[in-house]
Amino acid sequence: MWAALLLLGFSGFMFWQSLSYPYYTPAGPGPGFLPRWICIALIVLSILYLWESIKKSVIYFSEILPKGRPLASVLVALGSLLVFIVIVDFTGFVISAVVLLFISLVREYKWYSALGISIVTSLFVFYVFYTLLGVPLPVNALGW
């Protein structure tokens, strides 16, 4: 119910903002055309979602959380992402990505396989995005 109310409030605010743009221009649909219709669709969907959430039984948060090994996998993924965010400014993208992938993969693979996969994948992603596509990625003093 809270998610539906939040979505309804957000879509209502965005609809109100879209009214400040012209709906139609001499060249065709204006900059307010698409946002207005998307917000109308979001308002309708959030009202339907609110209706469904009110008439259904209550679902508790503890019932939808995974238990056991799946919960550990979720926590490891969140933890490795947090480590990545903390160290990426200091170590650069490649080392941070190696650490993130290693933490995620070491539970399923032998440590040397996880390390090899992490290094190769991180270098490949860095090469593709930084070198070929020109996407600015954080680098360390060595330039990677």
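The values are calculated or read from the model by the stated rules, or taken from the named source; none is laboratory data. The structure displayed is predicted, hence computed values, not measured ones. Quick reminder, even Gly has a Cβ in these numbers, built from the backbone with ideal geometry, and neighbours come from all protein chains shown. Note: accessible area is taken over every heavy atom of the protein model, side chains too, but ligands, DNA and RNA are not part of it. Shrake-Rupley method; radii C 1.70, N 1.55, O 1.52, S 1.80 Å.
Key figures for this structure:
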item	result
Helices (runs of 4 or more DSSP H) completely within segment 58-144 that count 2 or more residues being in contact (Cβ under 8 Å) with a residue 12 or more places away in the chain, of a type in the set (A, V, I, L, M, F, W, C) and touching a helix residue (DSSP H, G or I) at 6+ places or on another chain (Cβ under 8 Å)	69-105, 111-126
Exclusive hit being among the hydroxyl-bearing types (Ser, Thr, Tyr), within 22 Å of Val135 (Cβ to Cβ) and at pLDDT below 95, set Thr121, Thr91	Thr91
Qualifying residue in segment 47-54 (condition: charged (D, E, K, R) and modelled with pLDDT under 90)	yes
Output for segment 79-96, where each listed residue is open to solvent by less than 80 Å² (accessible area, probe 1.4 Å) and within 11 Å of Pro138 (Cα to Cα)	Ile87, Val88, Thr91, Gly92, Phe93, Val94, Ile95, Ser96
Failed item in (1) over 30 Å from Trp16 (Cα atoms); (2) open to solvent by 100 Å² or more (accessible area, probe 1.4 Å), with Trp51 passing the rest	(1)
Residue match in segment 34-57 (condition: within 30 Å of Pro138 (Cα to Cα) and not in a helix (DSSP H, G or I))	no
Hits in segment 15-33 (condition: surrounded by fewer than 11 Cβ atoms within 10 Å (Cβ to Cβ) and assigned to a helix (DSSP H, G or I))	Trp16
